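Undergrad: Following this message is one structure expressed as structure tokens.
Throughout, read-outs are computed from the coordinates displayed, never taken from laboratory work. Just so we're clear, the structure is a prediction, and the values are computed from it rather than from any experiment. No Cβ is skipped: glycine too gets one built from the backbone with ideal geometry, and neighbour counts run over all protein chains shown.
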There are 2 protein chains.
Amino acid sequence: MILDQVTATAFAPATIANVAVGFDLLGFPIEGVGDEVTVSRSAGPGVEITKIEGINQNITLEADKNTATVGLIQLLKDVNADFGFSVSIKKGIPMSSGMGGSASSAVAAIVAANALLDHPLPKEKLFHYAMLGEMVASGGLHGDNIAPALFGGLTLCRSISPPDLISIPVPSRIQCILIHPDLEVSTKESRGKLKKEISLSDHVRQSAAMGGFIAGCFKDDLDLIQRSFKDVIIEPQRSSQIPGFIEAKKTALGLGAIGCAISGSGPSVFAWADTAERAEMIREAMIQEFKIKGLKCESWISPISTQGARLSS
Amino acid sequence: MILDQVTATAFAPATIANVAVGFDLLGFPIEGVGDEVTVSRSAGPGVEITKIEGINQNITLEADKNTATVGLIQLLKDVNADFGFSVSIKKGIPMSSGMGGSASSAVAAIVAANALLDHPLPKEKLFHYAMLGEMVASGGLHGDNIAPALFGGLTLCRSISPPDLISIPVPSRIQCILIHPDLEVSTKESRGKLKKEISLSDHVRQSAAMGGFIAGCFKDDLDLIQRSFKDVIIEPQRSSQIPGFIEAKKTALGLGAIGCAISGSGPSVFAWADTAERAEMIREAMIQEFKIKGLKCESWISPISTQGARLSS
């Protein structure tokens, strides 16, 4: 066996999941923020985390509990590897921010590790391994962060097993404003609080929104996307966990945002705008609303990134 | 005032609503079966039903209770008409068949009546009036029969008020098999029996189906349409009302149908096939399954008709 490569580094972007209309189903990545994972082949056996750096230091070093490495353990088993992995994680995504940090780490790790296999798997096969990590983190089976972090673009995760990931076109002029107020919301806890039953009429309204939104994306019809940009099921249950969200949303829509919603399980929130100028305006106004509630914010403006995870050169 | 025209006749097609993935939201018309309504201007005031002929004779002649005429009463009020309408209905759609008979009558009547106005309204404005009739019939606010009967094509009825009707492209090679077993199911009763609450996880599964189905239609991707062609919420509650449906569906899918589901609230059922030959095969096999249960069937094979209601020349 010839070791062509002993170390690989991959970056995976932050992702915005749910996207108002598609709880547990829709997500997209943004540019400019994400996690980076460096994997090295080791004598093994198994997977060892050697370092976690970046903005979160509070993450477990136990490989069978860390979202970045759970998939790698399974990968090594599945390929009957006679080597192990040592892993170094550089977190760029704030912890419990609703920006898909666990997915980003899981995806970056599997993309890097895959590059070190004697026979790397096609990217489609990596979804499953990244999902193993996500399950540890979020306590629910949803692929709406993993799929866009891995493949890029607005992605409908119709089914996880077998994976059925559908790329949805997005009008290219859309700019996404992402605001991260300085709060922590645990995905696991937030999911646990959701009502297990919903009314049939809310289901119909929300399905209508999903259908209209997807059609609007394919038709390149911003008005239809705007009319469909609704979450009547999850948002009413979560908005009170994020002081300032209701006000920020109202302000964003008042300034002409196409839509505004909670990113994943929050506390990050996002809005879509039709121009970069309007996006700037909306960002400032939303930050102001959180400031009134005493919350500092980080923020980004990005197109709906078509780039998913990639190896660092 | 000059009476340019004193009588008009319009035809509106039968429609298949819900379409598995979109309860109360999606519908399309088929060719070869529908209702025809002839409207004449009368001295008035108000609306009078003079005749109901065709395959259903059991329909009320009271204009304020008949689905065909409720909208006409409101139309006359709204345009401050100094005349009335006399209406003759020719039913081509079997009663309580799940083939959108009430919508067809309501739509044909309003299209004919509109042609007799001094200033006919644009077709978009007729949706509201046809809906008034549908509400009398079905006991629920859903436009998934009215919209396709009026405009043609696969239509997503995202909102009723204000109307937001979205035309969804359908792969042109699709052939629809419609089977009407000799049973009657009241839409009102059938709706009344539906569970008012559903689980969040079923909602997510069904939304995924809606999203995948709409994307599949835009992508012209029959495989994706097939994978998405699911109803995990309504069908399990209604299938027992239609002896033979479960068997007919299994048979249709076994023969390569893209999908098979209940049409509206049943008892009619439909399937999609990718060729006319396969559609014939599926039709025969489905009829056979109902025959085993002692049920005779009427049946049709049609493309997803792009034609909605039209005036008869």
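Undergrad: A:Asp78 versus B:Met95, label points 7 Å from Cα toward the beta carbon: distance in nm?
TA: Computed distance between label sites A:Asp78 and B:Met95 equals 5.9 nm.
Undergrad: Under the definition of Cα pairs under 8 Å and six or more residues apart, what whole-number percent is the relative contact order of chain B? Numbers along the way, then the final one.
TA: Values: 751 pairs, mean separation 76.2, N = 313.
For chain B, the relative contact order is 24 percent.
Undergrad: Would you mind checking the tilt of helix A:123-138 against the longest principal axis of the Cα atoms of chain A, expressed as 0 to 90 degrees and rounded to 10?
TA: Rounded to the nearest ten degrees, it is 70.
Undergrad: For the pair A:Lys51 and B:Lys188, how long in nm is the line joining their label points, each one 7 Å along Cα→Cβ?
TA: Spacing of the two 7 Å Cα→Cβ label points: 7.5 nm.
Undergrad: Looking only at other chains, what is the average number of their beta-carbon atoms within 10 angstrom of each beta-carbon in B:156-164? Intermediate results must be reported in sequence, preceding the final value.
TA: Working: counts 7, 3, 13, 6, 1, 0, 1, 0, 6.
Across the residues of B:156-164, the mean count of other-chain Cβ atoms within 10 Å is 4.
Undergrad: Which shape class, rounded, prolate or oblate, goes with region B:163-297 when its Cα gyration tensor gives a ≥ b ≥ c as root eigenvalues, a/c under 1.5 marks rounded, and past that a/b bigger than b/c marks prolate?
TA: Values: a/c = 1.80, a/b = 1.07, b/c = 1.69.
Taking the square roots of the gyration eigenvalues as a ≥ b ≥ c, region B:163-297 is oblate.
Undergrad: Here's something else I'd like to know. For A:193-203, what's the mean count of beta carbons from other chains sitting within 10 Å of each residue's beta carbon?
TA: Values: counts 0, 1, 3, 4, 8, 6, 5, 11, 4, 3, 12.
For peptide A:193-203, the averaged partner shielding equals 5.
Undergrad: Can you pick out the pairs among A:Lys195/B:Lys125; B:Lys123/B:Lys230; A:Lys230/B:Lys125; B:Lys90/B:Lys123; B:Lys195/B:Lys296; A:Lys196/B:Lys293 whose Cα atoms lie more than 28 Å from each other?
TA: Where the Cα-Cα span goes over 28 Å, the pairs concerned are A:Lys195/B:Lys125; B:Lys123/B:Lys230; B:Lys195/B:Lys296; A:Lys196/B:Lys293.
Undergrad: In nm, one decimal, shortest first: how far is the label point of B:Arg191 (7 Å from Cα along Cα to beta carbon) from the matching points in the other copies?
TA: 3.6
Undergrad: Using a Gaussian network model of chain B with C-alpha springs under 10 Å, which one of B:Asp35, B:Asp78, B:Asp164 is most mobile by mean-square fluctuation?
TA: Per the Cα network of chain B with a 10 Å cutoff, B:Asp78 tops the list.
Undergrad: Read phi for every residue in region B:33-47 and hand back ³J(HN,Hα) as whole Hz from Karplus 6.51 cos²θ - 1.76 cosθ + 1.60, θ = phi - 60°, with x for Gly and Pro.
TA: So the Karplus estimates, Gly and Pro as x, are 8, x, 10, 10, 10, 10, 10, 10, 6, 10, 5, x, x, x, 10 Hz.
Undergrad: How large is ³J(HN,Hα), in whole Hz, for each residue of region B:256-272 in order, when computed from phi with the Karplus curve 6.51 cos²θ - 1.76 cosθ + 1.60 and θ = phi - 60°, using x for Gly and Pro?
TA: Taking θ as phi minus 60°, the curve returns x, 4, 5, x, 8, 7, 6, 8, x, 9, x, x, 5, 10, 9, 9, 10 Hz for region B:256-272.
Undergrad: Just to be sure I understand: with springs between alpha-carbon atoms less than 10 Å apart, which residue in B:Ser104, B:Ser88, B:Ser172 has the highest mean-square fluctuation in the Gaussian network model of chain B?
TA: Comparing B:Ser104, B:Ser88, B:Ser172 in a Gaussian network model of chain B, the most mobile one is B:Ser172.
Undergrad: Next question, about the same structure. Any idea what angle helix A:276-292 forms with the longest principal axis of chain A, computed on alpha-carbon atoms, 0 to 90 degrees, nearest 10?
TA: It is inclined by approximately 90 degrees.
Undergrad: Between the helical axis of B:101-114 and the dominant principal axis of chain B, each derived from Cα atoms, what acute angle in degrees is found, rounded to the nearest 10?
TA: Once rounded, one gets 30 degrees.
Undergrad: Among the trypsin sites (Lys or Arg not before Pro) in region A:147-247, which ones are in a DSSP loop with at most 13 other Cβ atoms within 10 Å of the Cβ? Mind listing them? Write down the numbers at each step before the final one.
TA: On the way: sites: A:Arg158, A:Arg173, A:Lys188, A:Arg191, A:Lys193, A:Lys195, A:Lys196, A:Arg205, A:Lys219, A:Arg227, A:Lys230, A:Arg238; in loops: A:Arg173, A:Lys195, A:Lys196, A:Lys230.
Sites meeting the loop and neighbour criteria: A:Arg173, A:Lys195, A:Lys196.
Undergrad: A further question on this structure: Modelled label-to-label distance, A:Lys123 and B:Lys196, 7 Å Cα→beta-carbon offset: nm?
TA: About 4.8 nm separates the two model spin labels.
Undergrad: Report, in deg cm²/dmol and to the nearest 500, the calculated mean residue ellipticity at 222 nm for chain A, where each DSSP H run with n ≥ 4 adds -39500 (n - 2.57) and the sum is divided by the residue count. All intermediate terms of the calculation are to be shown ahead of the outcome.
TA: On the way: 10 runs with 110 residues, N = 313.
Rounded to the nearest 500, the figure is -10500 deg cm²/dmol.
Undergrad: Using a 10 Å Cβ count of at most 16 others and DSSP loop calls, identify the longest part of chain A lacking such GluC sites (Glu not before Pro). Let's see the in-between values first.
TA: Numbers: sites that count: A:Glu62, A:Glu184.
It runs A:185-313.
Undergrad: In addition: Taking H placed 1.01 Å from N in the peptide plane, check which residues at least 5 places from A:Gly84 or on another chain put their amide H under 5 Å from its amide H.
TA: Residues meeting the criterion, in which the H sits 1.01 Å from N, are A:Ser42, A:Ala43, A:Gly44.
Undergrad: A further question follows. Which residue, B:Val232, B:Val107, B:Val47, tops the fluctuation ranking in a GNM of chain B built on C-alpha contacts under 10 Å?
TA: In this elastic network of chain B, the residue with the biggest mean-square fluctuation among B:Val232, B:Val107, B:Val47 is B:Val232.
Undergrad: I need the inter-copy label distances for B:Ala276: point set 7 Å along Cα to C-beta, values in nm with one decimal, smallest first.
TA: Spelled out, the distances from B:Ala276's label point are 5.5 nm.
Undergrad: Also: Any idea what the relative contact order of region B:7-168 is, in percent, if you count C-alpha pairs under 8 Å spaced at least 6 apart? Walk me through the intermediate numbers first.
TA: Details: 393 pairs, mean separation 48.7, N = 162.
Taking the mean separation of contacting Cα pairs over the length of region B:7-168, I get 30 percent.
Undergrad: I need the fraction of alpha carbon pairs in the protein assembly as shown separated by more than 38 Å, rounded to a whole percent. Can you show the working numbers first?
TA: Working: 80893 of 195625 pairs.
That fraction is 41 percent.
Undergrad: Take every Cα pair under 8 Å in region B:204-292 that's 6+ residues apart, average their separations, divide by the length, and report that relative contact order as a whole percent.
TA: Details: 106 pairs, mean separation 21.1, N = 89.
Reported as a whole number, the value is 24 percent.
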